[in-house]
Every structure is written in C-alpha cells, then in structure tokens.
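Participant: Got a structure for you, written out below as structure tokens; questions coming shortly.
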Amino acid sequence: SAYVQDPNDKPSEKCGVLNVTKITEHGKKVRKNWTSSWTVLQGSSLLFAKGQGGGTSWFGGGQSKPEFTVDLRGGSVEWASKDKSSKKHVIELKTRQGTELLIQSENDSLINDWFRALQDTISTHAWE
Ligand code: I3S
C-alpha cells in the first residue's frame, strides 16, 4: 500500500526490518557492513536499531538507543546501480551530511513502499 502523509499533520511513522549498510560517512568511503536493522521513519528522521535477536528492543525495554539516525532533509534516494551492490532491490540514500546508505530487502513490495515513503518524506521536508 502507498505511504500516505497523516492527514492530521502528526509526524508520519513507518517501521520494519531492512538490511542496511553505510557506504560513505562524512563524504568518505567506508567498508560495507550489511546489518539487519529495525528501521523507523519518524517525521524527517530515519532511525536504525540493531536487528532482532539481541533480545532487547528499543521499544519494549526502552533501554537501548537507535544505532544511528539519519536526517532526510535535503537528502536524496534512488535505486542503486548494479555496481553498488550485487543484491536485489537496493535503495541508495544520500544525506546532506555526506552519509550514503544502501537499504535493501528481498521483499519487492516492501522495499517499494520504503522507496516511496523516503521519496515522500524528502519532498515533504524539502524546504526546511
Ligand atoms: O561492494 P563490495 O565490496 O563488493 O561489497 C561486498 C563486501 O562488502 C562483502 O564483504 P567483504 O568483502 O568485506 O568480506 C560483503 O559480504 C558483500 O555483501 C558486499 O557486497 P554486496 O554486493 O552484497 O552489497
């Protein structure tokens, strides 16, 4: 289903498990480290927590913090070219701060929903 901005103008939220790796940090290439992450889109922020398995959820327990947070304002998303990854369904997310992430799921419709949600968020917050 399509991602729709909340009509009451509350911060929109979307979450799920995605495979994520940074490829660039502060404009500098970093080594890939694909990790399954609990991912939350909250307003103009994208938050990543360690994947399930550890037993602690940063919901649930409330003790652990997100691994990292990305500010989507001024960023861009596109489908990653083949040279970026051998995986299927890979989104390339670039932030204004010079971080580049690859975001992937084997689930075609799930990743398409995320792509639209990220695009919508970036365009909604374009002028902030
Ligand atoms: O872009 P690369 O370097 O081919 O990325 C692959 C490597 O990071 C590899 O790990 P090491 O070469 O550090 O051991 C990963 O296991 C692969 O998953 C990476 O490539 P894909 O195509 O899966 O994004």
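Participant: Got at least one residue in region 65-74 being over 15 Å from the mean Cα position of the chain (by Cα), more than 14 Å from the ligand (Cβ to nearest atom) and not in a strand (DSSP E or B)? It would help to see each step written out before you state the result.
Facilitator: The initial filter retains those residues of region 65-74 that are over 15 Å from the mean Cα position of the chain (by Cα), namely 65.
If we keep only those that are more than 14 Å from the ligand (Cβ to nearest atom) as well, we get 65.
Remaining after also requiring not in a strand (DSSP E or B): 65.
Checked against the condition, which is being over 15 Å from the mean Cα position of the chain (by Cα), more than 14 Å from the ligand (Cβ to nearest atom) and not in a strand (DSSP E or B), region 65-74 yields at least one hit.
The rows are residues; the columns are (1) within 16 Å of the ligand (Cβ to nearest atom); (2) modelled with pLDDT under 95; (3) not in a strand (DSSP E or B).
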residue	(1), (2), (3)
VAL77	no, no, no
SER86	yes, no, yes
LEU93	yes, no, no
LEU110	no, no, yes
TRP114	no, no, yes
ILE122	no, no, yes
ALA126	no, yes, yes
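Participant: For the condition at pLDDT 95 or above and over 18 Å from PHE115 (Cβ atoms), what is the one hit in LYS50, LYS29, LYS10?
Facilitator: On the way: LYS50 fails: at pLDDT 95 or above; LYS10 fails: at pLDDT 95 or above.
Exactly one residue qualifies, and that residue is LYS29.
The values are calculated or read from the model by the stated rules, or taken from the named source; none is laboratory data. All values reported here derive from a predicted model rather than from experimental measurement. Cβ coordinates were reconstructed from backbone atoms using ideal geometry, including for glycine residues, and neighbour counts include every protein chain displayed.
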